[in-house]
Amino acid sequence: PPAPQEAGARLYPLHALSVANIPNSSHGKTSARSSTVPTPEGLQSRRCKLLEEDSPMVQASKRQRQRYVTKVGKCQVNLGNIQDKKRFLSDIFTTIVDLKYRWFLFLFMMCYIITWVVFGFIYFFDAWVRGDVGHQGDPEWQACIENVDGFVSALLLSVESQRTIGYGTRMVTANCAEGVILLIAQSIVGSMIDAMMVGCMFVKISRPKKRAQTLIFSKNCVISRRDEKLCLMFRVGDLRESHMVDAKIRAKLIKSRQTAEGEFIPLEQSELNLGYDTGEDRLFLVEPQIICHVINRRSPFWDMSAESLRREQFEIIIILEGIVEATGNCCLAAGMTCQARTSYTEDEILWGYRFEPCMSLEKGAFRVDYSRFEMTFEVQTPAASAKELHELKELEQQEHSTLSLYWDHLLQPC
């Protein structure tokens with residue numbers, strides 16, 4: 001029989017055995033108290049309660065599950081402690097496009113306001129140095145910048161010059177070369193800001209991120225038999241009449257594991273075959289389709305049964321990619337690649353279920369009923385793993401072949 005310490009290590013988790021590391025400040029006080037010995041029934045009840053609280057299943061249920069990718073496709077990964085931030089400035093166009101709309105608009109508003117204020121201050125300084133501010137209303141004075149008597153009027157001149165408003169009351173004359181050079185520089189800077197804003201706004205609006213909201217996935221995965229093979233299936237659909245061009249679907253299994261050398265690999269990504277070798281991963285997504293992953297020897301679910309599925313902890317990431325179809329009403333997103341994502345955890349997989357059909361034929365056309373998109377029904381499915389079913393099938397075939405050889409031997413003439 002195992003030693004008491006080894007038995008305790010098997011029953012209790014690792015952190016329950018490290019109680020000796022916690023300083024017990026009440027140890028000296030308990031010896032001075034009355035020596036009240038608890039009854040064996042009380043010790044047994046406390047021991048059972050401790051075992052229930054420290055069991056891995058209870059702790060797993062208490063611990064909140066953190067998804068790698070949410071159901072709407074947002075990646076729950078935050079980047080921190082980035083030392084070399086100059087890389088973002090080297091690709092300033094992508095950095096500006098990736099900004100949120102409030103920061104995007106705030107950035108260009110500040111660009112316009114700063115240029116107006118800077119050039120307005122330069123106009124006012126030039127007019128003040130040349131004496132145009134003090135000679136307002138003098139008909140014999142040859143002013144460089146007319147009708148500028150303060151900073152506010154110089155700011156109005158800057159705005160009118162950069163936005164080509166041209167009211168005609170304030171202007172730069174040909175009596176000074178620096179005024180002409182200043183006007184040319186402000187025109188060039190204003191044109192560059194306009195070109196940058198128009199380009200970034202065009203790319204930001206034309207990015208088909210919102211197109212992914214009309215690509216839907218079923219809330220649950222199902223596992224059942226199809227063509228005498230155990231398969232993991234889920235359903236995808238497109239709510240728009242403009243379809244995705246060259247739609248492709250992929251699946252990743254996110255699961256932590258420990259290697260034979262003792263190395264712990266957190267969130268290891270492995271590929272789930274959705275028909276890459278047969279071309280079934282390329283979809284003609286006109287109606288809702290059921291995507292099937294055959295659980296064979298190369299599948300990570302090969303030796304997973306219905307009972308072991310409840311004890312596992314993993315996440316399946318589904319990635320649907322396609323090109324937005326070019327239409328006459330919206331040609332901005334033509335040729336842009338759209339990506340929709342979702343995820344399934346182990347508690348969102350239904351063993352022994354199948355999706356209900358949601359298509360029907362009405363008046364010479366097919367009709368899709370999206371109210372039945374999430375519906376499933378229970379089917380007769382063995383709770384054993386695909387590996388066990390395969391071994392059982394091979395054993396039956398071997399027994400059948402042995403029995404047929406035995407009968408053939410009996411039927412042969414002496």
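Where a number appears in this text, it was derived from the coordinates with a stated rule and is not lab data. Predicted model only: the values in this text are computed from it and were never measured. Neighbour counts run over all protein chains shown; Cβ positions are idealised from the backbone, glycine included.
If you take the beta carbon distance between Val189 and Lys71 as r and set R0 to 51 Å, what does 1/(1 + (r/R0)^6) give as a FRET efficiency, to the nearest 0.05?
Details: r = 47 Å, r/R0 = 0.91.
Calculated value: 0.65.
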Exercise. For Lys204, what is the net charge nearby, where nearby means another residue's Cβ is under 13 Å from its Cβ and Lys, Arg count +1, Asp, Glu -1?
Worked result: +4
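May I ask you to derive the FRET efficiency for Asp277 and Gln83 from their Cβ-Cβ distance with R0 = 51 Å, giving the value to the nearest 0.05? Write down the numbers at each step before the final one.
Values: r = 43 Å, r/R0 = 0.84.
In this case the efficiency is close to 0.75.
Students often get this wrong, so check it: of Lys74/Lys252; Lys74/Lys248; Lys85/Lys255; Lys229/Lys252, which have C-alpha atoms separated by over 24 Å? Working shown, then result.
On the way: Lys74/Lys252 15 Å; Lys74/Lys248 19 Å; Lys85/Lys255 31 Å; Lys229/Lys252 21 Å.
Violating the 24 Å Cα-Cα cut-off are Lys85/Lys255.
Pull out the extension gain between Glu388 and Ile319, defined as 0.36 nm times the separation in residues minus the alpha carbon to alpha carbon distance; nm, one decimal. All intermediate terms of the calculation are to be shown ahead of the outcome.
Working: separation 69, 0.36 × 69 = 24.84 nm, distance 3.04 nm.
The span from Glu388 to Ile319 would gain 21.8 nm if fully extended.
Rounded, prolate or oblate: which fits region 211-391 when a ≥ b ≥ c are the square roots of the eigenvalues of the alpha-carbon gyration tensor, with rounded for a/c under 1.5 and prolate only if a/b beats b/c? Can you show the working numbers first?
Values: a/c = 2.36, a/b = 1.45, b/c = 1.63.
Oblate shape, in that a/c is at least 1.5 and b/c is the bigger or equal ratio.
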Seminar exercise, completed: If each K or R counts +1 and each D or E counts -1, the residues other than Lys248 whose Cβ falls under 10 Å of its Cβ total -1
For this session: May I ask for the net charge around Leu156, where only other residues with Cβ less than 12 Å from the Cβ of Leu156 are counted and Lys, Arg are +1 while Asp, Glu are -1?
Result: 0
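So between Ser270 and Gln380, what do we pick up on full extension, going 0.36 nm a residue minus the alpha carbon distance? Display every interim value, and only then the final one.
Working: separation 110, 0.36 × 110 = 39.60 nm, distance 2.95 nm.
Result: 36.6 nm gained on full extension.
Could you compute the FRET efficiency for Val245 and Asp347, with r as their C-beta to C-beta distance and R0 at 30 Å, rounded to 0.05? Spell out each step's value before the answer.
Numbers: r = 35 Å, r/R0 = 1.18.
Given R0 = 30 Å and the Cβ-Cβ separation, E is 0.25.
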For this session: Answer rounded, prolate or oblate for region 88-229, using the Cα gyration tensor with square roots of eigenvalues a ≥ b ≥ c: rounded when a/c is under 1.5, else prolate when a/b is larger than b/c, else oblate.
Result: prolate
